[in-house]
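The structure appears below as structure tokens.
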Amino acid sequence: MTAVTPTPTAQYLDLFARRGERSGEAAPVRLRRRQAIERFEAAGFPGRGDEEWRQTNIAPLLRSAVTEASREEVGARQARRFLYQGCDRLVFVNGRFAVELSSIPKEIAVSSLADLEATGGAADAVAEHLGATVDGRASCSADAVVHPFAALNTGLFEDGAAIVIPAGAAVERPLQVLWLSAPAAGAAADSLEVSFPRLLVVAGENSQASIIETFVAVNGAAGGYFVCPAAEFVCRAGSVLHHTRLQADASDAFHLGFQHTELERSAVFDSSSLTFGGGLVRNDAVALLDGEGAHCTLDGLYVVAGSQFVDNHMRVEHRQPHTTSHQLYKGVLDDRARSVFNGRIYVHKAAQKTDAKQTNRNLLLSRSALANSNPQLEIFADDVRCTHGSTIGRLDEDALFYLRARGLPREQAYGMLVYAFARELVEKTSFEPLRQDLEGRLRASLNGGPGGGEAA
Amino acid sequence: MLRVSGLHARVEEQEILRGVNLEVRAGEVHAVMGPNGSGKSTLAQVLAGREDYEVTAGSIELDGEDLQEMAPEERAHAGLFLAFQYPVEIPGVGNSYFLKAAVNATRKARGEQELDAMDFLQLLRQRAKLVDVDEALLRRPVNEGFSGGEKKRNEILQMAVLEPRLAVLDETDSGLDIDALKTVAAGVNALRNGDRAFVVITHYQRLLNYIVPDHVHVLQGGRIVRSGGSELAHELEEKGYAGLNGDSAGA
């Protein structure tokens, strides 16, 4: 007797086959799902020979058997720990909408993807956009690549949120989307529960809103799990959308996600990605500046230790004149943690007067930590301003001695300096509860413990 | 108060201090002068506990306690203050926040009650006034973008707030124009009292016109080669270090 172990690809195809057709799903979405899974099947998982995945070893993920995330119930009290005061909220447990934990703002149309009929108002946007961008034109025209995990998400997502901000609306309260992982207590140690959170946000013309995504696990989540999220942002002309993505999954979780943004004329997308959790983390973000005067900020912070690995892969495409983009990514790495920053700015021939700036700074707190930084510019227009730079350094010993000579104990001085390095990214938001949470997480994740530099 | 005996120190393989003896009593101001490379800054850094320097022989005592057993922060708690020759820029840390943390770390270490925000602010304002520091500096990150003069004044402000027993001023006069020099000297003079002592390290005699020392020592080749009263500084100004008997200048 020989047991046949299914290939990693076959496991996921099997998940697709077992789910079968979904009733009530719009025909275009159904089609895109099938196309996505076909593309995934044809391409398979990337190997180390694949340029975009050269530095990301996904072998540990592929070694694990996967099962659909269980249907765990999460109490209001457990969820509340992660919810901010002063927000509206959409709560998802293992990728499924938990309506009883959510509060939907009146001025926004929000639908649960699993039940478009019952929940309101975003069905047309789903039919038009969902999956149309992520797998279709999400790449520089010259080298279209299938993003395997985005394709997986499109093929396999069970639920998610579609959010439509009406034209002209200025939504005052931020909307928090809480993606809660709650693996079953008795799950097999060698298998991963996998969920595919899906988000679509359409910011109407001249609208203004703020979205906070939070990826966390319920307290005491044991065993590994795998979150494979995908998010699409469609920013109509003149819209302003703020986006914060906080990822604080369990330290042995797999988190491989994809984010795609399209901006029309004079639209602004200001996004921050903060990575504290996950064992193997890959964040891909693509932004297409597709209208004159559009601006996109993609900022990020990763604070990792132990054997965590985090790879931030970005591509910003300037397709029209007078578009601007800023990226500031900072990393703090301790123990044996490793990071990759891969930022690519692609300026099309038509995109004259592009202004693009990309910076990656890394602070290594241990001899065994390792940061890779690959900023890349590809410019086909001749009248542009593009700058990029990266640094990898250690804590400034002179500064440490200076603080200690003034009486600050070593640990406190250490924490203060690391906090000072990272603070601009956690203090960026004007939404106080979020800011406090991020500050707290940053301080807690620093070896020096609470020390840091509060506002001057 | 401070007793340095037979102090030898080296950095990497190079011996820089070769038997320094220095005794400072409460209320005194000592000037340590010497040419470049004589070991002046090394002496300051060794006193403050910089780990890059290895003490190979001799002892340093502050109020009878062995400083060599203490970490830099413990020396600060014991009342030692070093005004840095090159104050370090620390982006992202607010100047007044940093000072409050320093004051309270010291108070905590001494078993005293920490100052709350109001009490600290009051202390800070009063000291800023005493040493003539613009309050705008307090709101900026520590030394970041400060001019040379602002950095040195900021050192004096820190000293005024931390109220050390013994202050070591390492070339606080370097790079200062005459107005800034007078301001810094006035700040130091305002803090002089019978319980506090100063070691003023300088290359030039000029500062000593404004901070008049009780004792002047000449450091050369890692040793104190001459000691005297404040008139020694004037002699040096006239004759230069080369005019001294013994070791050649610029070692």
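The figures follow:
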quantity: The stretch A:246-272, residues that are under 20 Å from A:HIS147 (Cα atoms) and open to solvent by 10 Å² or more (accessible area, probe 1.4 Å); calculated: A:PHE254, A:PHE258, A:GLN259, A:GLU262
quantity: Cβ-Cβ under 9 Å pairs, at least 6 apart or on other chains, the stretch B:6-21 side open to solvent by less than 50 Å² (accessible area, probe 1.4 Å), far side of a type in the set (Asp, Glu); calculated: B:ALA9/B:GLU15; B:ALA9/B:GLU54; B:VAL11/B:ASP52; B:VAL11/B:GLU54
quantity: B:GLY64 being away from chain A (no Cβ under 14 Å), open to solvent by 40 Å² or more (accessible area, probe 1.4 Å), over 30 Å from B:ALA242 (Cα atoms) and modelled with pLDDT under 95; calculated: yes
quantity: Lone qualifier among A:GLN412, A:GLN436 - being polar (S, T, N, Q), under 30 Å from B:GLU114 (Cα atoms), within 14 Å of chain B (Cβ to nearest Cβ) and open to solvent by 10 Å² or more (accessible area, probe 1.4 Å); calculated: A:GLN412
quantity: Selected residue (criterion: nearest to B:VAL46 (Cα to Cα)) from residues of the stretch B:104-138 that are within 12 Å of chain A (Cβ to nearest Cβ) and crowded, with 22+ Cβ neighbours inside 10 Å; calculated: B:THR106
quantity: Per-region count, the stretch A:1-34, residues modelled with pLDDT of 80 or more and polar (S, T, N, Q); calculated: 3
quantity: The one condition in (1) more than 10 Å from every other protein chain (Cβ to nearest Cβ); (2) exposed (fewer than 15 other Cβ atoms within 10 Å of the Cβ) that B:VAL55 fails to fulfil; calculated: (2)
quantity: Scope the stretch A:42-64; condition part of a helix (DSSP H, G or I) and either among the hydroxyl-bearing types (Ser, Thr, Tyr) or under 24 Å from the mean Cα position of the chain (by Cα) (or both); matching residues; calculated: A:ALA43, A:GLU51, A:GLU52, A:TRP53, A:ALA59, A:PRO60, A:LEU61, A:LEU62, A:ARG63
quantity: Residue within the stretch A:366-375 that is within 14 Å of another protein chain (Cβ to nearest Cβ) and buried (at least 19 other Cβ atoms within 10 Å of the Cβ) present; calculated: no
quantity: Conditions (1) under 28 Å from A:GLN412 (Cβ atoms); (2) open to solvent by 60 Å² or more (accessible area, probe 1.4 Å): number failed by B:VAL168; calculated: (2)
quantity: Residue match in the stretch A:237-244 (condition: open to solvent by 10 Å² or more (accessible area, probe 1.4 Å) and in a loop (DSSP other than H, G, I, E, B)); calculated: yes
quantity: Residue in the stretch B:35-47 that is farthest from the other protein chains (Cβ to nearest Cβ), counting only those that are surrounded by 21 or more Cβ atoms within 10 Å (Cβ to Cβ), among the small types (Gly, Ala, Ser) and at negative phi; calculated: B:SER38
quantity: Among the candidates A:ALA422, A:ALA381, residue that is of a type outside the set (Asp, Glu) and away from chain B (no Cβ under 14 Å); calculated: A:ALA381
quantity: Set A:ALA231, A:ALA209: member being in contact with a Lys or Arg (Cβ under 8 Å, 6 or more places away or on another chain), outside any loop (DSSP other than H, G, I, E, B), open to solvent by less than 10 Å² (accessible area, probe 1.4 Å) and at pLDDT 95 or above; calculated: A:ALA231
quantity: Of residues in the stretch B:69-96 being more than 7 Å from every other protein chain (Cβ to nearest Cβ) and either on the phi > 0 side of the Ramachandran plot or out of contact with any helix residue (DSSP H, G or I) (no Cβ under 9 Å at 6 or more places or on another chain) (or both), the one surrounded by the fewest Cβ atoms within 10 Å (Cβ to Cβ); calculated: B:GLU69
quantity: Hey, A:ALA222 under 17 Å from the mean Cα position of the chain (by Cα) and modelled with pLDDT under 95 or not; calculated: no
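So that you can scan it fast, the table gives a plain yes or no per residue for (1) at pLDDT below 95; (2) at the interface with chain B (Cβ under 7 Å from one of its Cβ atoms); (3) touching a helix residue (DSSP H, G or I) at 6+ places or on another chain (Cβ under 9 Å); (4) open to solvent by less than 20 Å² (accessible area, probe 1.4 Å):
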| position | (1), (2), (3), (4) |
| --- | --- |
| A:GLY389 | yes, no, no, no |
| A:LEU395 | yes, no, yes, no |
| A:ALA399 | no, yes, yes, yes |
| A:TYR402 | no, yes, yes, yes |
| A:ARG406 | no, yes, yes, yes |
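The values are calculated or read from the model by the stated rules, or taken from the named source; none is laboratory data. Note that this is a predicted model, so its numbers are computed, not measured. Note that each Cβ is placed from the backbone with ideal geometry, even for glycine, and that neighbours are counted across all protein chains shown. When the accessible area is computed, the model is the full protein with side chains, heavy atoms only, and any ligands, DNA or RNA have been set aside. Shrake-Rupley method; radii C 1.70, N 1.55, O 1.52, S 1.80 Å.
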